[in-house]
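Enquirer: Mind looking over this structure? Questions follow.
Bear in mind that the values in this text are calculations on the coordinates, not laboratory data. Note that the structure is predicted; figures quoted are calculated from it, not measured. Don't worry about glycine lacking a Cβ; one is built from the backbone with ideal geometry, like all the others, and counts go over all protein chains shown.
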Amino acid sequence: MSTETGADADLAAVYDPFHSPQLDDPHPVWARARRECPAFRSEVLNAWIVTRYDDVAWVLRDHSTFSSAGGSKPFAPPPPEVAEVLARVPDPQQMDLLTSDPPRHQRLRRFMQDAFTLKRVAGLEDGLRALAHELVDDVEADGTCDFYTTFAHPFPLRAIGQLIGIPRSDQGQITHWVTCNIQLKWGSLDPESHLAAAHGRVEFYEFGQRLIAQRRADPEDDLLSALVTESDASDDPLTEPELVGQIMTLLTAGHETTANWLTLGMRRLLDEPGRWAGLATDADSLGAVVEETLRFDGPAQGLWRTARDDVEVGGVTIPKGARISAVVGSAGRDGDMFTDPDHFDLDRPDARAHLQFGRGIHTCVGAGLARLEGRVAFQVLRERLPSLRLRDGGSVVFAPNAIQRVPRRLLVEWDVTP
């Protein structure tokens, strides 16, 4: 079918996740796309945008039609001076579980899945609870804070650092490297920032190399030691770039995504008077909170695929080799899937059907840990800060990014007991 329509051209002209108003709230343009042109090409992203639930689920699930390879490629070739720096380390396509296809994907995922067994994740709950209480202890007497910087960001960072076996003294630097890695893949950078981010990726890779050498020489009781030991003992061990890629993926997906979600979720829990005070803290209720915050305003915007052949999606033909952004954020508000989708409803029975953790063979291997972190975080915060509320209207500052919603500030306050 033809791809040249008025709706397609209009949406292509206004679709820009890097600038306001879409940067601050992408849902209006996603809603328009679902109504008028559910698949269209974006010049800004040099990719096709797919917005309806059924189409997004198909793109994510059908790896024989839609390849994950190339998902980490930048939207445009980097400047020569940036490319020169990046050439010092392997291309992410040689390292990244998220951008691999079968049979290589099964080989990479097998080792990661073993690290996130249900038993291992369940055993982390007491430690997560202690971390959450520690962070609240640090600010409780102040009566106000930036929720992102004082809780949402450090909580999953300390958790994944503890799981992998990285001391807190290194975690501030890791934050910088993770940001560099995300910006290189899906951000919008000026020349100076682009070069700085490239140096950050090189440093991140070299850090991973040092960690692997340390665990080989002196294994510890942590996930990274188990990963290295199991791989080295395998008949088909991971290469060093693949091992480093696992570390970089764990620290990026296991930290940044959760920090963004906790911030977005907290804004929604506080934006209606009485909702926070009435929040139940039993496991089932908190499980519903986790799923509805992910569905309604989750951290993932789009997950990337490449068309293996010409394929019709949403009534248009996407050509072979074209990159596709499967917009999971839009899918969560699709009225053909969810009743009254723009209503934040903690009693919604099917909220767990959201696509924030993907579908198919690339379903997030750390989804169980993320859900546990969210449940523990919201429970501890509700118990410790029952009067928590938004400050300054709950405005959020977002960083430009094409794959995630990246909030950088959420001001909150609460009553301090004399």
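Enquirer: GNM on the chain, C-alpha springs below 10 Å: top fluctuator among A402, A353, A217?
Expert: A217
Enquirer: Rounded to the nearest 0.05, what FRET efficiency do E272 and S234 have when you use their Cβ-Cβ distance and R0 = 60 Å?
Expert: Values: r = 51 Å, r/R0 = 0.85.
With a Förster radius of 60 Å, E is 0.70.
Enquirer: Further question on the same structure: At 222 nm, what value in deg cm²/dmol follows for the chain if DSSP H runs of at least 4 each add -39500 (n - 2.57) and the sum is divided by all its residues, to the nearest 500?
Expert: Counting only the DSSP helices, I get -14500 deg cm²/dmol.
Enquirer: Moving on. Taking only C-alpha pairs under 8 Å that are 6+ residues apart, what is the relative contact order of the range 6-413 in percent?
Expert: Reported relative contact order: 27 percent.
Enquirer: If you build a Gaussian network model of the chain, linking Cα atoms that sit under 10 Å apart, which residue out of R405, R268, R295 swings the most?
Expert: The residue with the greatest mean-square fluctuation here is R268.
Enquirer: Still on this structure, I have one more. Classify the range 6-413: rounded, prolate or oblate, from the alpha-carbon gyration tensor (a ≥ b ≥ c, eigenvalue square roots; a/c under 1.5 rounded; otherwise prolate if a/b is larger than b/c)? Intermediate results must be reported in sequence, preceding the final value.
Expert: Details: a/c = 1.45, a/b = 1.01, b/c = 1.43.
Here the range 6-413 falls in the rounded category.
Enquirer: Could you tell me which of rounded, prolate or oblate describes the range 189-335, using a ≥ b ≥ c as the square roots of the eigenvalues of the alpha-carbon gyration tensor, with rounded for a/c under 1.5 and, failing that, prolate when a/b is larger than b/c and oblate otherwise? Please report the intermediate quantities before stating the final value.
Expert: Details: a/c = 1.91, a/b = 1.27, b/c = 1.50.
It comes out oblate by the Cα gyration axes.
Enquirer: Expressed in nm to one decimal, what extension gain is obtained for the pair D282 and D342 from 0.36 nm per residue of sequence separation less their Cα-Cα distance?
Expert: Using 0.36 nm per residue and subtracting the Cα-Cα distance, I get 19.1 nm.
Enquirer: For the range 267-335, what are Rg and Dmax over the alpha carbons, in angstrom?
Expert: Cα-based Rg and Dmax for the range 267-335 come out at 17.9, 52 Å.
Enquirer: Could you give the distance between the Cα centres of the range 205-228 and the range 13-44, to the whole Å?
Expert: 42
Enquirer: If I stretch the segment between E134 and E43 completely, what's the gain in nm (0.36 nm per residue apart, minus their alpha carbon distance), one decimal? Don't skip to the answer; put the middle values down first.
Expert: Numbers: separation 91, 0.36 × 91 = 32.76 nm, distance 4.60 nm.
Gain in length upon complete extension: 28.2 nm.
Enquirer: Continuing with the same structure: Under 1.5 on a/c is rounded, so check that first for the range 14-110, then, if it is not, pick prolate when a/b is larger than b/c and oblate when it is not; a ≥ b ≥ c are the square roots of the alpha carbon gyration tensor eigenvalues.
Expert: Details: a/c = 2.77, a/b = 1.29, b/c = 2.15.
Verdict is oblate for the range 14-110.
Enquirer: Translational diffusion coefficient, Stokes-Einstein: compute it for the range 318-416 using the Kirkwood radius over C-alpha pairs as Rh, at 10 °C and 1.306 mPa s, and state it as an integer in µm² s⁻¹.
Expert: Numbers: Rh = 16.9 Å.
Taking Rh from Cα pairs, D becomes 94 µm²/s.
Enquirer: With each label point set 7 Å from Cα along the Cα-Cβ vector, what nm distance links D126 and S395?
Expert: About 4.5 nm, to one decimal.
Enquirer: If packing is taken as the average number of other Cβ atoms within 10 Å across a peptide's residues, how do 47-53, 319-325 rank, most packed first?
Expert: Ranking, from highest mean packing down: 47-53, 319-325.
Enquirer: When only Cα pairs under 8 Å and 6 or more residues apart are kept, what is the percent relative contact order across the range 202-260?
Expert: Rounded, it is 37 percent for the range 202-260.
Enquirer: Next question. Kirkwood Rh, Cα Rg: Rg to Rh for the range 112-218?
Expert: Looking at the range 112-218, the ratio lands at 1.03.
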